[in-house]
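J.: Below you'll find the structure I mean.
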Amino acid sequence: MVYGILKSMHAVGKENAVSRKTLAALTGLSDRSMRSEIEKERRSGILICSHMETGGGYYLPADEMEIREYYNAQTSRISSLILAREPFRRALNGDGYGG
């Protein structure tokens, strides 16, 4: 669904990104449902990139560089989440509670 909309809107390349608000309006889905649909399509193997800077949104990658850029951004985000989770793991293991 999202892939088809992005393709029909020629949303190929970061510069042609479509906001989630626009996608939700076109599909009639809530913002939460739109996020779930995008995640479902990604998990099925569809490459839907995003960027959240000003004018951000969702797009189909134009080339390998955009795929790599999105991959690296997600890897960085995952690393940050793992570091933020670490104090909780320590607290659960009895290594102290920082609160």
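The values are calculated or read from the model by the stated rules, or taken from the named source; none is laboratory data. Not measured: the values here are computed from a predicted model. We place every Cβ from the backbone using ideal geometry, glycine too, and count neighbours over all the protein chains shown. Ligands, DNA and RNA are stripped out before the accessible areas are found, and what is left, the full protein with its side chains, is counted by its heavy atoms. Shrake-Rupley method; radii C 1.70, N 1.55, O 1.52, S 1.80 Å.
J.: If you take just the helices (runs of 4 or more DSSP H) that sit entirely in segment 12-99, which of them hold at least 2 residues that are more than 16 Å from Met1 (Cα to Cα) and of a type outside the set (Ser, Thr, Tyr)? So that I can check it myself, show each step before the final result.
T.: Working: elements: 20-27, 31-43, 64-92.
Of the helices (runs of 4 or more DSSP H) lying wholly inside segment 12-99, those with at least 2 residues that are more than 16 Å from Met1 (Cα to Cα) and of a type outside the set (Ser, Thr, Tyr) span 64-92.
J.: Please go through segment 1-11 and pick out each residue that is in contact with a strand residue (DSSP E or B) (Cβ under 8 Å, 6 or more places away or on another chain) and either assigned to a loop (DSSP other than H, G, I, E, B) or open to solvent by less than 60 Å² (accessible area, probe 1.4 Å) (or both).
T.: Start the filter on segment 1-11 by keeping residues that are in contact with a strand residue (DSSP E or B) (Cβ under 8 Å, 6 or more places away or on another chain), which leaves 2-3, 5-7, 9, 11.
Those that are in contact with a strand residue (DSSP E or B) (Cβ under 8 Å, 6 or more places away or on another chain) and either assigned to a loop (DSSP other than H, G, I, E, B) or open to solvent by less than 60 Å² (accessible area, probe 1.4 Å) (or both): Val2, Ile5, Leu6, Met9, Ala11.
J.: Ser50 versus (1) modelled with pLDDT of 95 or more; (2) over 15 Å from the mean Cα position of the chain (by Cα): which is the lone unmet condition?
T.: For Ser50, the failing item is (2).
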